[in-house]
Structure formats: C-alpha cells, structure tokens
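K.L.:
Take this structure, written in structure tokens, and hold onto it; I'll ask about it next.
The values are calculated or read from the model by the stated rules, or taken from the named source; none is laboratory data. Note that the structure is predicted; figures quoted are calculated from it, not measured. Quick reminder, even Gly has a Cβ in these numbers, built from the backbone with ideal geometry, and neighbours come from all protein chains shown.
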2 protein chains.
Amino acid sequence: MNDQPQQAPFMKLGEIGLNNFAPYLMNRIMGRYNESLREEMVERGLTTPKARTLAVLSVNDGLLIRDLSVYTVTEQSTLSRALDQLQSDGLVRRETDTLDQRAVRVFLTDDGRAAFEALWPQMSAAYSRMFRGITEDERAAFIGTLRKMLTNVRRHEL
Amino acid sequence: MNDQPQQAPFMKLGEIGLNNFAPYLMNRIMGRYNESLREEMVERGLTTPKARTLAVLSVNDGLLIRDLSVYTVTEQSTLSRALDQLQSDGLVRRETDTLDQRAVRVFLTDDGRAAFEALWPQMSAAYSRMFRGITEDERAAFIGTLRKMLTNVRRHEL
C-alpha cells in the first residue's frame, strides 16, 4: 500500500493550481497573520523576532539560545540582536547553563511575561479570526496534519 | 448553532500549547520550506520574491503589479526591485495596460518560463516531502481548511 502523493512531482504548478498548492496558501495566510500582528507589535516597541521570543519563553522558559532559534524560526544572528534589545528593555535575562559553560539559557523577567500577556489578546484574536466558521473537529484534524508536516520537514528534533 | 472556537480567546498560549497552536506550526513549516528552496534559488540567481513572481506568472501570466504583490505575498517596493532585476535578466517584461494607462501588467518571457520550469522540480520535491505519509483524502481536507482560512484573513478579493 502506498499513500504517498505520487502524482505531484509529475504535475506542473499550473495543473495543480495555486489554490490547490498548500505552500502558496500557507504563505498567503501566514503573511497576513504575521502582518496583522506586526502593527500591534510596533506600537509596543516589538519586532516579530522579539515577540516570538516572548511567546515561546512564556511556554518554555529557560531555553538554550540554539533551541530558541528553532522555536522562533529566527536565524541566530537575528535572534542575538533581538535578545540584546529585549535584555536592555528588561524583558529577558541570559544565564550561563549550570552544566555547560558554553551554553546560554534565556529567561523571561516579570516585565517580559507582562509584555507577552499584554500582546496575547491580539494574537489570540488573530488566531480565532483565522479559524472563524471552522468546527472544532476540522481544526483538530488540520492541526494533526500540520504536526505530521512539521515532522516531515524539520531538521531539528524539536 | 455555533461552531466557532469559543474557548481560544480565554486560554493562555501555555494552556493551548505550542504544538496545538496552528500559527506556530505553520510558521515553523513554512520557514523550513522557504529555507529549503532558498538554497536552490541562490544558485540560480533568484531570491524568494523573484522565484515567487516566476511561479505565480507561470499560472496567471499578465497580472497587474498590485495583484502580483498579493499573490506573491511581497510588498510593492520589494516586488518592484525584484521586477527590475527579472526584467534586466530578461525573465519578465512589463506592459502598460491597454485600458488603463496607469496600470502595468507583468508577463513571463520564454526565458522566464524556462527559468521557472528549471526550478519547479525542486519546489515539487519540497511539496511532496511536506506531505510524505499523508493520504490524498487528508491532504484534500487540509487544503479545504486552508482555503477557508485564507478567506477569513485576506484583505484582497484574490
């Protein structure tokens, strides 16, 4: 039995059609989602990498910088500048790992947690808007497919 | 009857969990997908906006610049620079619209079509990799949900 999408490599994009091509639809949706949040972030002195850092640390505090780079989908050089700014704004602190002196972990400060909590209602509203009119079952199936796709494409075990 | 996801606005991100938060998963997947193509594009002298322009025109040739900006998820200023480069490389040509002298349409040249056809096997392979082990039915349902989401978030009637 073979449930792979076999025909895709042999079809042209024009035959698939943009509205059937998942990467096109996902880039359109995420472009719009990220843009809708960017306006709110700018008002709060945040950028996308800074806001994603606060969001990820609010769930997984104390991550290593290399793991934070994966979770935030941000290159280490860009992330490093974002962390410098977040630290000088008093929103995160960096600590050398207790076991590995070369590894650095990043923690939210109380102000950092408050900054994310102030941004969250906007993110949550954008998330709800995205799924308007989509049932719980359909959303659960969609998220299940996304998880398989992430396992297929990721290079890191996170 | 109400099938809206009502609980989301009242849950914290830590309660939802990153692996249940669709925007996080989608940013991770598209970050990886776009990055995997970027390497191939650079070898061909292309950037993401230039490659997306070729891809979109291969399906819908002769688009107005403002519509091309929406389809390629690229700001008009960035797109304008990409079009300058594509034109000087002989891959696209711009023509004033026959009905509206202020509107410009963009067309692929034969070289531009060939450049996209040379890139397509790599895009198609990345697309197949993304859906590895996912059945046709599951993929069709996933794409159906994506279309609803795009209708929910888009600002343009495209």
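K.L.:
For residue A:133, are the conditions met, namely being more than 14 Å from every other protein chain (Cβ to nearest Cβ), on the phi > 0 side of the Ramachandran plot and not aromatic (Phe, Trp, Tyr)?
P.N.:
The answer is no for residue A:133.
K.L.:
Take region A:67-80 and flag every residue that is within 19 Å of residue A:102 (Cα to Cα) and touching a residue at least 24 places away in the same chain (Cβ under 8 Å).
P.N.:
The answer is A:67, A:68, A:70, A:79.
K.L.:
Here's another thing I want to ask about it. Write out, first by first residue and then by second, each pair whose Cβ atoms fall under 8 Å of each other, whose residues are 6+ apart or on separate chains, and whose first residue, in region B:19-47, is facing chain A (nearest Cβ under 7 Å) while the second is surrounded by fewer than 14 Cβ atoms within 10 Å (Cβ to Cβ) and outside any helix (DSSP H, G or I).
P.N.:
B:32/A:155
K.L.:
Cβ-Cβ below 7 Å, separation at least six or inter-chain, first residue in region B:106-119 and in contact (Cβ under 8 Å) with a residue 40 or more places away in the chain and closer than 22 Å to residue B:80 by Cβ, second of a type in the set (Gly, Ala, Ser) and surrounded by 14 or more Cβ atoms within 10 Å (Cβ to Cβ): which pairs?
P.N.:
B:108/B:58; B:113/B:58; B:116/B:55; B:116/B:58; B:119/B:51
K.L.:
Return yes or no: is residue A:74 touching a Pro at 6+ places or on another chain (Cβ under 8 Å) and more than 7 Å from chain B (Cβ to nearest Cβ)? Please lay out each step first, then the result.
P.N.:
Numbers: touching a Pro at 6+ places or on another chain (Cβ under 8 Å): yes; more than 7 Å from chain B (Cβ to nearest Cβ): yes.
For residue A:74, the condition - touching a Pro at 6+ places or on another chain (Cβ under 8 Å) and more than 7 Å from chain B (Cβ to nearest Cβ) - is met.
K.L.:
Now, a different point. Please go through region B:16-39 and pick out each residue that is under 15 Å from residue B:124 (Cα atoms) and hydroxyl-bearing (Ser, Thr, Tyr).
P.N.:
Selection gives B:33, B:36.
K.L.:
Still on this structure: In region A:77-99, is there at least one residue being surrounded by 14 or more Cβ atoms within 10 Å (Cβ to Cβ), charged (D, E, K, R), more than 28 Å from residue A:157 (Cα to Cα) and more than 8 Å from every other protein chain (Cβ to nearest Cβ)?
P.N.:
yes
K.L.:
Please work out if residue A:102 is loosely packed, with under 14 Cβ neighbours inside 10 Å, modelled with pLDDT of 95 or more and out of contact with any Gly (no Cβ under 9 Å at 6 or more places or on another chain).
P.N.:
It is false that residue A:102 is loosely packed, with under 14 Cβ neighbours inside 10 Å, modelled with pLDDT of 95 or more and out of contact with any Gly (no Cβ under 9 Å at 6 or more places or on another chain).
K.L.:
Only residues that are among the polar types (S, T, N, Q), over 17 Å from residue B:33 (Cα atoms) and touching a helix residue (DSSP H, G or I) at 6+ places or on another chain (Cβ under 8 Å): list them for region B:112-158, please.
P.N.:
Scanning region B:112-158 gives B:145, B:152.
K.L.:
Let me ask another. Does region A:50-64 contain at least one residue that is within 16 Å of the chain's Cα centre (by Cα), over 25 Å from residue A:118 (Cβ atoms), without any contact (Cβ under 8 Å) to a residue 24 or more places away in the chain and surrounded by 18 or more Cβ atoms within 10 Å (Cβ to Cβ)?
P.N.:
Taking every residue of region A:50-64 in turn, none turns out to be within 16 Å of the chain's Cα centre (by Cα), over 25 Å from residue A:118 (Cβ atoms), without any contact (Cβ under 8 Å) to a residue 24 or more places away in the chain and surrounded by 18 or more Cβ atoms within 10 Å (Cβ to Cβ).
K.L.:
Related question: I want to confirm something. Restricting to region A:140-158 and keeping residues that are among the aliphatic types (A, V, I, L, M) and within 8 Å of chain B (Cβ to nearest Cβ), which single residue is surrounded by the most Cβ atoms within 10 Å (Cβ to Cβ)?
P.N.:
A:149
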